[in-house]
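This report refers to the structure that appears directly beneath it.
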Amino acid sequence: MTGMFGIEYRPLSAVLLPIIVAFLILLSNKRPNLRESWTLLGSVLLFLTVSSMSPIVLAEGPIQWTWFNLLPNIDFAFNVDAFGLVFATTSSSLWILVSLYSIGYMRSLKEHAQTRYYFCFALALLGAIGIALSSNLVTMFVFYEILTLSTYPLVAHEESPEAISAGHKYLAYLLGGGVFFLIGILMTYLLVGTTDFNAHGILSPALGPASKLTLQVVFFCFLLGFAKAAWMPVHSWLPSAMIAPTPVSALLHAVAVVKAGVFGVIRIVCYIYGIDLMQELGLGLALASIAAFTIVVANLYAIGQDNLKRMLAYSTINQLSFILIAVALLSPMAVAGAMLHITFHGFMKITLFLCAGAITAISGKKAISEFKGLGRAMPITMTAFLIGAFGMFGAPPLAGFISKWHVVLGAVQSGQLVFLTIILIGSILDVVYFCPVIINTFFGKMPETETLKGDLEEKVEVYSEKVERLETKRPIYYFMIIPLAITAVFSIIFCILPNTFSIYDLVQMAVKDIFGGM
Amino acid sequence: MNPGQNDIIILMVVAPLFASIIVPIVGWRAKKLCYSLTILAVLISLFSSLITAKTVMNHGPVQYYLGGWKPPWGIEFYIDHLNAFIAVVVTFISFLGVIFSKTNVENDLPNKEGAFYSLFLLLITGLLGIVLTGDMFNLFVFLEVASLSSYALIAMGEKGAMYASFRYLLIGTVGASWYMLGVGYLYIVTGSLNMANLSELLPALYQSKTILVGFAFILFGVGIKMALFPLHAWLPDAYTYAPSAVSAMVAPLMTKVMIYVVIRVIFTVFQPEFTVDMIQATSILSWFGVLAILFGGIMALSQTDFKRMLCYIIVGEIGYIVGGVGIANATALKGAIFHILNDALMMVCLFFVAGMVMYRKKGHRISDFKGIFREMPFAAIIFTVGALAVIGVPPTGGFFSKWYLLLGGIEAKHWGFVVALLISTLINVALFARVFDKGLYVHGHGSDHSSESTDHSSGTLVQKTPLSMWIPAVIVILAILLAGIFNQAILKNIVQFAVPSGL
Amino acid sequence: MGDLAKEFVTTYNYWVYIILMMIGLYAVMVKNNLVKKIIGMNIVQTAIILFFISIGAKRGATIPIIAHGHNGGEHAVHAADYINPLPHVLMLTAIVVAVATLGVALSLAIKIYQEYGTLEEDDIRTQTREE
């Protein structure tokens, strides 16, 4: 990747790649194979570009690249710092796997409008990468809106009245939030005349000219703006959005979109307000309380769900608030845990979603109560699911363990024992709602004969010694099984080698910038 | 400044004026020539406006004395940064409008080429005259030139256009008469009609009631012409039934030019100390702006016709600009002036889409937009960009003017305006989501998974939308994006100086 | 009362134009027949033309023609002796505009009559609503 693009142009090329891919996809809409190879090629190139930046950032500090002047004191500029790279690496690496998976999923379900699907997907990635790399709030806002708008057709993909109304809900929450985000940006700009991210915060000079109350209100504007983080009570778009095709739910509603929300909150807390100001304004406590409330309530919702994807949605809400609570503790270890959890939760949750999608696409089942005996019919899928579920809970040797460990240490570090308790209760509840799935799949008995809806209408003899291996029935299914196996394996690798893709080093570096040390 | 540059100014108005006389004569024999002659004339206008703008940017304001008579006796064209900017907007949009008109005229108005283009050119002449002139009464004359030609152009439209145009004519004439009346009052006490001269003479007379009456009449007259809520009633009908090419040009320009007149009157002819501080006309205006924004948005939501929806969006957009003018601080005014450009661009863009859909589907109801993303992907892309600009999504220009308007609103602590802007943003989302859904989702009920075949029905149909329609549309969406990306260049070089001193 | 009457008498030109304009506006707004509306519109314009003409007038002044030419040199020109010609000139233009407007309005009325078969606004509205 050297040679053609110098170091300083890499942020730009990372942003341009998805755009180019998107238009290549549009142009080749009549040739599915070509179209999907563009997606795959683009995702691989994007990942290479993004990950090629991490050694440089680790060695020499942030890569800055200014494109043009947007507004006085505000440039359209990228600033690739360690934290941004964590998010960018996560999104881009998972895009490769989800692209593979999409091919399998979309083709086996014979979905309509696949060109639109891949086009919007590439644009959504553009939004996510842009958010990760942008150097100020306005640039971030640009990509934030791109992300919202490009995912709307994906949510409404099914085009049923239900899907369209879910899409409208999605737009209403996220663009409505965008309006508050804009107010926050405007106020920040009026108060301090800049919106650049800085590891020590930029708003502290404003305290004095502006009252505490103003800054607190502005913070809540930002928080409402990041409705993508799905904290309660602005969460309800996420379960509705589960009507989207599963790869969309997997990459966007477990990683790109929702993590963009959480990423934004961390940017606001650490890079706009700064740790000291957050403490002075008492906002850490407020954020932590919101997040704690969300964790408990989302867990309770999740327990009652029979639809697997909706259950996963509530699990996502819960885990997102786990990240928020970790940030709100404002201690180095907890913030490190939060940043790590962005990546680790991404890998684990995507595994779960991919499994859910594979189950639906291959066996035609959506409700947890129908899953009896699937453990035998789809062993790889269900093993991966098991790994993901235990990762949510935070059991070693899975990635979730590392991030949760950091957060727990952070809670002790900051002496917030109440929130420590809530974190632990949350983790225990995680087990509770995953139990029915695991019990049903591995210990339940599939009824004697059953019509399986995938693509083939035929009677399948099940629950005898030779259970039919549904997963390997058609070659196209491999496109689904392999990615989910890979993410499951990564969920384990991240625990043993947390520094895969230099994630751990990057997080350490980011935390060092913010706090001056772990 | 050398005299050559001065002559360029008058060329801007004279080129379309002469062409409007030649075109019908030529049209007698060679209909084809009308179109190219019109384009040529407007192109000359466009170039001269660009050169004038360049001169103004480099050397400051320029003048041209008609017939060599110097003011205060003669009529002068006085061009500073503000009207140089507006003149470029007018000529640019007209240029695109003329290119776009080709198919529309050929199909819907056969054998009327001569008349149509003659009126079209007169309209452009009138609009440019309003923008350039430095004389209050001359402005009235140009205003009537523009209005009369627009009445006639609108009347050429589909069924219902006649009556709409007639109503517009009655209301418009009353508005123009009031403007003239207001000018008369100013003339009684000052004895002058020249804007620069008036602004020197008036401050001594600010206590006079005559001045106040004159000011009020001018504002009401212009308010009718620019369809400021609650004086907007004529607009939706007139622009809905007009031919596509006409509404694509009149709708963005007429109202914007009238807003220019308001800015001129409030901040140049009268000084801010009178309009802002003494009688607080601006603060009243800003609240009318707020009402216009909310009313326009709500009415737009209840429309089933795309063009009519756009008309109500225009009512709302006028509210944006008037509100920005009413807030009367430098930031908001910068936003308002910049929004004149952006709004003109995005409205022309959306009316182009309406024209394309009208051309293909013979209707402009929202239901006619069903499936346009497949059948007319180009139109769909253009629609999307235009819609994003109206909503104010960066990096389109709409975002940046909204940014300045909001910033100005917060600075002035005019919360009503700020809230109205934000609400209208959300309303716009809802408006366009409706059209977008119609255009994009054709499968319905999720049952019709008719696989890949539906994916590829585009392609050959793209060519069916004629070149003369989509070339201007593509230029417009590029302009919308460039206006956003290079907003600083535009603001720093020209708009910034267009903001009247004393704010 | 005396003051008011005096004011009314001394500024009667304004009152005339105001009354005329109101009559015109009334016709434009209230009359059902399109031609009557056009007449109303024309009355409004005429009222304003009258207003302009009246402000050019001066008591005891004459028409602004200097009989002895440029080089006569016999009289110094006293502006106060002549009425102000500029409003008249302006009104020439305004009259032209008014006539043009009238022309467009009447031709529209003719077209409307051809389209709807009536000039009554009520009927036109019912017809448009029925569609």
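Readers should treat all values here as calculations from the given coordinates under stated rules, not as data from a laboratory. All values derive from a computational prediction rather than experimental measurement. Glycine gets a Cβ as well: all are built from the backbone with ideal geometry, and neighbour counts include every protein chain shown.
Residues whose amide H falls under 5 Å from that of A:Trp67, counting only those 5 or more places apart or on a different chain, are A:Phe76, A:Ala77, A:Phe78, with hydrogens built in the peptide plane. A cut-off under 13 angstrom between Cβ atoms defines the neighbours of B:His81, and their net charge, with Lys, Arg +1 and Asp, Glu -1, is +3.
With only the Cα atoms considered, region C:2-130 has a convex hull volume of 120 Å³ per residue. Sequence-ordered 3J(HN,Hα) estimates for region A:478-487 from the Karplus curve with 6.51, -1.76 and 1.60 and θ = phi - 60° stand at 4, 4, 8, 5, 5, x, 6, 5, 4, 5 Hz, glycine and proline given as x.
In region B:319-416, the C-alpha radius of gyration followed by the widest Cα-Cα span (Dmax) gives 16.2, 48 angstrom.
Along its first, second and third principal axes, ordered by size, region A:207-311 spans 51, 25, 17 Å in Cα coordinates. Each of C:Tyr82, B:Tyr185 was scored by other Cβ atoms within 10 Å of its Cβ. Listed from fewest to most, they are C:Tyr82, B:Tyr185. The mean number of Cβ atoms from other chains found within 10 Å of a Cβ in peptide B:139-152 is 3, as a whole number.
Within the protein assembly as shown, DSSP assigns beta bridges of which about 90% are antiparallel (rounded to the nearest 5).
In sequence order, region C:87-102 has phi-based couplings of x, 4, 5, 4, 5, 4, 4, 5, 5, 4, 4, 4, 5, 4, 4, 4 Hz under the Karplus curve 6.51 cos²θ - 1.76 cosθ + 1.60, θ = phi - 60°, and Gly or Pro positions carry x. The B:Gln63 and B:Ala216 beta-carbon pair, evaluated with R₀ = 35 Å, returns a calculated FRET efficiency of approximately 0.75. Which one, A:Leu27, A:Leu12, A:Gly42, is farthest towards the positive end of the dipole of region A:1-78 when Lys and Arg carry +1 and Asp and Glu -1 on their Cβ? Positive-most Cα among the choices belongs to A:Leu27. Just check region A:286-361 against the gyration tensor rule for me: Cα atoms, a ≥ b ≥ c as the square roots of the eigenvalues, rounded for a/c under 1.5, and otherwise prolate or oblate depending on whether a/b exceeds b/c. The shape class here is oblate. Taking amide hydrogens as placed 1.01 Å from N in the peptide plane, the amide H of C:Tyr82 sits under 5 Å from those of C:Thr62, each at least 5 positions away in sequence or on another chain.
For peptide B:482-489, the mean count of partner chain Cβ atoms within 10 Å of a residue's Cβ comes to 3.
Across chain B, counting alpha-carbon atoms alone, Rg and Dmax equal 22.1, 77 Å.
What net charge is computed for the residues neighbouring B:Ile266, neighbours being all others with C-beta under 14 Å from the C-beta of B:Ile266, Lys and Arg scored +1, Asp and Glu -1?
Cβ neighbours under 14 Å give a net charge of -1.
When the Cα gyration tensor is reduced to axis lengths a ≥ b ≥ c, the ratio a/c is 1.5 or higher for the protein assembly as shown, and with a/b above b/c it is classed as prolate. Phi-derived couplings, Karplus 6.51 cos²θ - 1.76 cosθ + 1.60 at θ = phi - 60°, listed residue by residue for region B:107-120: 7, 9, 10, x, 6, 10, 3, x, 4, 4, 5, 4, 5, 4 Hz, with x used for Gly and Pro. Separation of region B:354-384 from region B:73-118 is 25 Å, based on Cα centroids. By DSSP, the beta bridges lying fully in chain A are antiparallel in about 95 percent of cases. Normalised by 2.2 N^0.38 Å, where N counts its residues, the alpha-carbon radius of gyration of region A:7-515 equals 0.93. Applying the Kirkwood pairwise sum to the alpha-carbon positions of region B:184-298 produces a hydrodynamic radius of 15.4 angstrom. Taking Lys and Arg as +1 and Asp and Glu as -1, the other residues whose beta-carbon sits under 10 Å from that of C:Leu119 total -1.
Its Cα centre serving as origin, region C:2-130 has a Cβ charge dipole (Lys and Arg +1, Asp and Glu -1) of approximately 40 debye. Peptide packing: for B:364-370, A:65-71, the average count of neighbouring Cβ atoms within 10 Å per residue gives the ranking B:364-370, A:65-71, highest mean first. Shape class for region A:5-76: oblate, because the ratio a/c of the largest to smallest gyration tensor axis (alpha-carbon atoms, square roots of eigenvalues) is 1.5 or more and b/c is at least a/b. Among the listed pairs B:Lys54/B:Lys225; A:Lys309/A:Lys365; B:Lys159/B:Lys307; B:Lys159/B:Lys362; A:Lys349/A:Lys404; A:Lys169/B:Lys370, those with a Cα-Cα distance over 20 Å are B:Lys54/B:Lys225; A:Lys169/B:Lys370. Counting Cβ atoms of other protein chains within 10 Å of each Cβ in B:158-169 and taking the mean gives 5.
Neighbouring Cβ atoms within 10 Å as the yardstick, rank C:Lys36, B:Lys209 fewest first.
B:Lys209, C:Lys36
Dipole size of the protein assembly as shown about its Cα centre, with +1 on Lys/Arg Cβ and -1 on Asp/Glu Cβ: approximately 1140 debye, rounded to the nearest 20.
Rounded to the nearest 20 debye, the dipole size of chain A about its Cα centre is 660 debye, using +1 on the Cβ of Lys and Arg and -1 on the Cβ of Asp and Glu. Given R0 = 35 Å, the distance between the Cβ atoms of B:Ala489 and C:Thr11 translates into a calculated FRET efficiency of 0.05.
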